Amino acid sequence: MYCKINSLGIKGVSGRQVTVECSIASGLPAFEIVGLPDTAIRESKERVRAAVKNSGLKFPVSRITVNLAPADMKKSGTVYDLPILLGILTAYGQLPVPDGNAAYIGELSLEGLLRPVSGVLPMVREAKNEGIKSVYVPEANAPEATLVDGITVYPVKSIHELKAHLEGEQPITPAEPYVPSAEGVRVPDFSDVKGQENAKRALEVAAAGGHNILMVGPPGSGKSMLAKRLPGILPDMSREEAFEVTAVHSVMGLTDPKSPLVTQRPFRSPHHTVSAVGISGGGSNLRPGEVSLAHNGVLFLDELPEFRADALEVMRQPLEDGKVSITRAAGTEVYPSRFMLVCAMNPCKCGYAGTDKCTCTDAAVDRYRSKISGPLLDRIDIIIEVGAVEYSELTSKQSGESSEEIKKRVDAARKIQRDRYAGSGVECNAYLNAKQSEKWCALDEAGHTLMRQAFDNLNLTARSYDRILRVARTIADLEGEESISALHIAEAIQYRTFDLGRK
């Protein structure tokens, strides 16, 4: 007796079709699962056995072999519990043969109920690509599964319910498509920030062009406060961007069953004790790291020099390529990692370099700042000094400019960029390559003169030169100017004049 059930799995942040083949033969009772299963799948034997018996069904006393095909791809997780159970009961003749155009995923409880699983969105997208017409998922995963158009989603509560559906006694009603709430997620507003107009301007430029930014200032100057308000002025995500973000979060089990689609750009803020694997991804099961969880959003590193050197240096390739390739003994995976890097740091260990309060020696200041390598700094477009807030600013009753007003200017600048780079694969100025920069960031004579002086006096690298041009392009876009002027270049250069090498 043999049965084949369509199922799905996860490889990286993408779905993979998996066929669950079940064979029941005579011989001594045994239950074997082959096809490179991990521990969670091997343990499914006991979950399936208990779920069958506690659902009032008969578990075959025979030699049972389950193969997860393709057999050369490693499988992990509890997503195969349901198809394994269905395959066994169908091969044993207790259930009718399931629809060949349907796929089944879900974890079983010992009493025969279905528990939610991770990675439903990428799995259902793969099901659609493979021509599968319907999917059966745990009830809690149904809203996420309905995000994929053109596929029927059946929410399953228990084995009893699924049995009645397959036998035609009581059909399961397909899930209604999930519609995102129009309210969105509330984020802190820039109007709460007192003073710091220069820093606000720098963050506006960074948001308008997708640029990386480093804020340097004493404790209590508002660096973290400013960074946490950045998502409120970033452009809204397109549906495809939202799907990319949701897929990564779904694989990590971070989606909310009530609001499965991530519509707010991610804001990730890992603690400085995070490891290099935590930043880049990897581990024994090759899971995405912080750079991928921040895809299409913001990765905020507070107290930058306190992070481990290897954790910082591992970001260099993702910052350039927008993706991170992880190779381990378990295999190789490529994860998306197009994010804005936002960093904050004190000017020295005590935090008060350049003032009478500072207790650090020159050597201590140099040692503290040298924790940030030159190659990493070279990948940061904007470095802005955030000074201490004046008393008059702190006690002022006048509210600052709201995030909504700033966002309007950012959205207008981003629209200019989308129209300009339509069809090129570039979304904003920060992602321009050298050839595109040469075309879209052309300078007049005054601009060339200013850039030549900055290049010589500030010891800029070729990468720094390109990044200044891109920032200047963004500043011109914010002002609605088609050409980059010397004033735009001057402001862009100003964002790279803070010297981290001297006290």
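The values are calculated or read from the model by the stated rules, or taken from the named source; none is laboratory data. What you see is a predicted model, and the numbers here were worked out from it, not measured in a lab. Positions of Cβ are generated from backbone atoms using ideal geometry, with glycine treated the same way; all protein chains shown enter the neighbour counts. What goes into the accessible areas is simple: the full protein's heavy atoms, side chains included, and nothing from ligands, DNA or RNA. Shrake-Rupley method; radii C 1.70, N 1.55, O 1.52, S 1.80 Å.
The table for this structure:
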item: Antiparallel bridge percentage (DSSP; both residues within the chain; nearest 5); result: 50
item: Sorted peptide list for 283-289, 460-466, criterion being average Cβ within 10 angstrom, highest first; result: 283-289, 460-466
item: Computed [θ] at 222 nm, deg cm²/dmol, the chain (DSSP H ≥ 4; -39,500 (n - 2.57); rounded to nearest 500); result: -10000 deg cm²/dmol
item: In Hz, Karplus ³J(HN,Hα) per residue of the stretch 260-265 (6.51, -1.76, 1.60; θ = phi - 60°; x = Gly, Pro); result: x, 8, 7, 9, 8, 4
item: Reduced Cα scattering model of the stretch 399-503, Debye log10 I(q)/I(0), q = 0.10, 0.19, 0.21 Å⁻¹; result: -0.31, -0.98, -1.11
item: Surface accessible to a 1.4 Å probe, M1 within the full protein complex, Å²; result: 120
item: Relative packing of 17-26, 356-365, which averages over residues the other C-beta atoms within 10 Å, highest first; result: 17-26, 356-365
item: Nonlocal amide H pairs with L214, under 5 Å, H built at 1.01 Å; result: C343, I382, I383, I384
item: Estimated vicinal HN-Hα couplings, Hz - the stretch 103-108 in sequence order (Karplus 6.51, -1.76, 1.60; Gly, Pro = x); result: 10, 10, 9, x, 9, 9
item: Rounded to whole Hz, the Karplus (6.51, -1.76, 1.60) HN-Hα couplings of the stretch 191-208, x for glycine and proline; result: 5, 6, 7, 8, x, 6, 5, 5, 5, 4, 4, 4, 5, 5, 5, 4, 5, 5
item: Total formal charge among the other residues, if their Cβ is under 10 angstrom from that of S399, Lys/Arg +1 and Asp/Glu -1; result: -1
item: Inter-label distance for S181 and T355, nm, one decimal - labels placed 7 Å from Cα along Cα-to-Cβ; result: 4.1
item: Average Cα contact separation per residue, the chain, under 8 Å, 6 or more apart, as relative contact order %; result: 13
item: All Cα pairs of the stretch 1-126, percent lying beyond 22 Å; result: 28
item: Heavy-atom accessible surface of the chain: percent carbon and sulfur, 1.4 Å; result: 49
item: Taking the C-alpha atoms of the stretch 426-485, convex hull volume expressed per residue in Å³; result: 79
item: Set K53/K75; K157/K258; K75/K258 screened for pairs whose C-alpha atoms are more than 23 Å apart; result: K53/K75; K75/K258
item: Set of aspartates and glutamates with alpha-carbon distance to K407 below 16 Å, sequence-local pairs under 8 removed; result: D189, D192, E197, E204, D236, D477, E479
item: Estimated FRET transfer efficiency when R0 is 22 angstrom, pair Q170-A50 (beta carbons, to 0.05); result: 0.35
item: Over 22 Å (Cα to Cα) - which of K223/K349; K11/K58; K58/K163; K58/K128 fall in this group; result: K11/K58; K58/K128
item: G281 long-range amide H proximity, modeled H, under 5 Å; result: G289, E290
item: Protection-proxy order for peptides 204-210, 174-180, each taking the mean of Cβ atoms within 10 Å per residue, highest first; result: 204-210, 174-180
item: Distant-in-sequence amide H partners of K11 (H built 1.01 Å from N, under 5 Å); result: R16
item: Solvent accessible area, Å² - V187, 1.4 Å probe, full protein context; result: 40
item: Cα gyration tensor of the chain - equivalent ellipsoid semi-axes, whole Å, descending; result: 53, 23, 21
